[in-house]
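Below you'll find the structure, written out as structure tokens, and then a few comments.
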Amino acid sequence: MDCKADGVGDERSPSSSGGQSPDLDRNPSPPPDTAGGGEDGDSDAIGDTVYSKHWLFSTLTRLINMVTEHAEGDSEGQMELPDGDEEDLCKVWDMAMDKDVAGLLQAFKATDILVGVISRSRCPRLTEICVGILGNIACFPDTCATLSQNENLGEVLLLLLGDADPPTLLETSRLLLTCLSQKDVCSLWLQRIRQQTSVRSNLCFIMSSSTNTDLLEKVGELVETLFDLDEDIMKSWITAQPKQAEGDLDVASCLLEAAKQLRSESPNGLEVYLHALQLLTTIDEGIQTFAAPDGPGQAVGEFVGEVVCKDLCQAEDLSVVLQEQRSTLLQAFSVLQALHRCQDQWRSKADTSVPLIGTVLRVLQHDSDATRESQSGEEEKKDEQLEALAEAAAELLADICVQIQKETVADLVREGYLTERTCVAAARSLTPNFQTSFEHLQCVLSEADPRLADETPRLFPSLRSCFKSSCLDFHWRDNEGVTQSKGD
């Protein structure tokens, strides 16, 4: 971990951690004197490293003295971290990435020391470094298990999510993610987060107001992980009533605001937020929120649809786009399908955009072409994620087509989205699982463009059965050129 946290971007703000952290009855205790005298180079080395136990011991002791002296003096004023001390502490931050060093820091009671420093710190940079050191210690299962049992750390860390300093928030989120990734302590941290109600409001505030790309990415990962691991947290957060007097937003709207901020800056971050939104659509409480007349559903749908059309599938070479963006597209299509089923309850219902339907048709056409090539031995086995993407696109198209209007179909034809090839792709994708949707599309197409409705099955006789429908009077030519009529 780069202890200087370059690239965070936001102007540093005074840390508020001192006022939020639990009061400690005493100053942090110095590390136990287990470092030895430092005369023998071999005994002074930490494990197989060249790092010195004595130097590490001295640095931690100096850290305690520095914070104590400030607390006994001008405890209300902001503390300045001398360059030399900052450099040494940054070395400890980097050293903590080594397993032997992390273990020794635990032996030195570093967690207690650092939590005490964080609680008394009036220096944002010092707070950030201390949390960063703890984050590196937590990267190893044994040290993470020991660190996680510290109740003071659990309380201080969750309260730090309300800090005003972006680098501190970044390191706090990273430490929480690291602990949640360790299966032996994951449940302990989930329990703490469920009990600390400020976590939701603090994370929502960051997502809805921050412009810091790195911070938004990490907070998005944290929220996504929490939703993925604990459905109860997701349910309680989506149903929590925001405090209107304080300008709070619901969690879905906050996810949307962060996704908008990351749209052009971080494709990976955008995918994380789309997945978090998709997870919300898997629970009834989430669907109810999106379906509410004044809820965030319509705004989320318009944003995701625009991202799909203008950002993800704009390039001419769709095969490259699908390879690179298939995961993000899969999340987007899943969200759009769920929202499409909510739109009847929205205050103002808008027709699905023609470019979005056209994009879905392009994806299905690509899948249809790839399937034919695979069957002819021209390509290797299809990617499972691409197959899942094609299934999601087919399901979304089926929901759209079951009530598609003649004007929309006419626009699709006029703008070149609905062609003979995409009609065939639609037929292959919608039959037999979504026969009703395809039959309705047939009926409307026969009214909007009778020529295309008649020409497509004639040119693709292998799919002729797909185009038969009781609601149409289709005409096509068989292989002998005899005109046949169905639907009389």
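When residue 164 is tested against (1) outside any helix (DSSP H, G or I); (2) in contact with a Lys or Arg (Cβ under 9 Å, 6 or more places away or on another chain), exactly one condition is not met: (2). Looking only at residues in the stretch 317-331 that are within 16 Å of the chain's Cα centre (by Cα) and over 10 Å from residue 393 (Cβ atoms), the one that is least open to solvent (accessible area, probe 1.4 Å) is 328. Taken over the stretch 302-352, residues that are in a loop (DSSP other than H, G, I, E, B) and either modelled with pLDDT of 90 or more or not aromatic (Phe, Trp, Tyr) (or both) amount to 13.
Look at (1) over 32 Å from the mean Cα position of the chain (by Cα); (2) closer than 22 Å to residue 155 by Cβ; (3) open to solvent by less than 10 Å² (accessible area, probe 1.4 Å) and you find that residue 118 fails only one, number (1).
Of everything in the stretch 268-291, what is surrounded by 16 or more Cβ atoms within 10 Å (Cβ to Cβ) and in a loop (DSSP other than H, G, I, E, B)? Give them in sequence order. Quick ask: steps written out before the conclusion?
Step one: list which residues in the stretch 268-291 are surrounded by 16 or more Cβ atoms within 10 Å (Cβ to Cβ), which gives 269-281, 283, 286-287, 289-291.
Correct list: 281, 283.
Right, residue 213: within 15 Å of the chain's Cα centre (by Cα), β-branched (Val, Ile, Thr) and closer than 20 Å to residue 360 by Cβ or not?
No, not satisfied.
Answer yes if at least one residue in the stretch 234-250 is buried (at least 22 other Cβ atoms within 10 Å of the Cβ), touching a Lys or Arg at 6+ places or on another chain (Cβ under 6 Å), part of a helix (DSSP H, G or I) and not basic (Lys, Arg), and no otherwise. Yes, the stretch 234-250 contains a residue that is buried (at least 22 other Cβ atoms within 10 Å of the Cβ), touching a Lys or Arg at 6+ places or on another chain (Cβ under 6 Å), part of a helix (DSSP H, G or I) and not basic (Lys, Arg).
Mind telling me which of the residues 190, 203, 177 ends up being of a type in the set (A, V, I, L, M), under 24 Å from residue 151 (Cβ atoms) and in contact with a Lys or Arg (Cβ under 8 Å, 6 or more places away or on another chain)? Outline the logic, then answer.
Working: 190 fails: in contact with a Lys or Arg (Cβ under 8 Å, 6 or more places away or on another chain); 203 fails: in contact with a Lys or Arg (Cβ under 8 Å, 6 or more places away or on another chain).
One residue alone meets the criteria, 177.
When the stretch 390-429 is limited to residues that are under 18 Å from residue 344 (Cα atoms), of a type in the set (A, V, I, L, M, F, W, C) and buried (at least 18 other Cβ atoms within 10 Å of the Cβ), the one that is farthest from the chain's Cα centre (by Cα) turns out to be 404. Of 272, 251, all but one fail to be among the β-branched types (Val, Ile, Thr), over 15 Å from residue 212 (Cα atoms) and within 10 Å of the chain's Cα centre (by Cα); the exception is 272. Checking each residue in the stretch 98-145 for being assigned to a loop (DSSP other than H, G, I, E, B) and farther than 16 Å from residue 172 by Cβ picks out 98, 108, 109, 122, 140.
Only a single item in (1) free of Cβ contacts under 8 Å to residues at least 40 places away in the same chain; (2) closer than 24 Å to residue 353 by Cβ is not met by residue 297, and it is number (1).
Out of everything in the stretch 187-214 that is assigned to a helix (DSSP H, G or I) and in contact (Cβ under 8 Å) with a residue 60 or more places away in the chain, what residue ends up being surrounded by the most Cβ atoms within 10 Å (Cβ to Cβ)?
Looking only at the stretch 187-214, we keep the residues that are assigned to a helix (DSSP H, G or I), and these are 187-195, 198-209, 213-214.
Those still in the list that are in contact (Cβ under 8 Å) with a residue 60 or more places away in the chain too: 213-214.
On the way: 213: 17, 214: 22.
The qualifying residue surrounded by the most Cβ atoms within 10 Å (Cβ to Cβ) is 214.
The values are calculated or read from the model by the stated rules, or taken from the named source; none is laboratory data. The model shown is predicted, which means the values in this text are computed figures rather than measured ones. Backbone-built Cβ (ideal geometry, glycine too); neighbour counts: all protein chains shown. Accessible surface areas use protein heavy atoms only, side chains included; no ligands, DNA or RNA. Shrake-Rupley method; radii C 1.70, N 1.55, O 1.52, S 1.80 Å.
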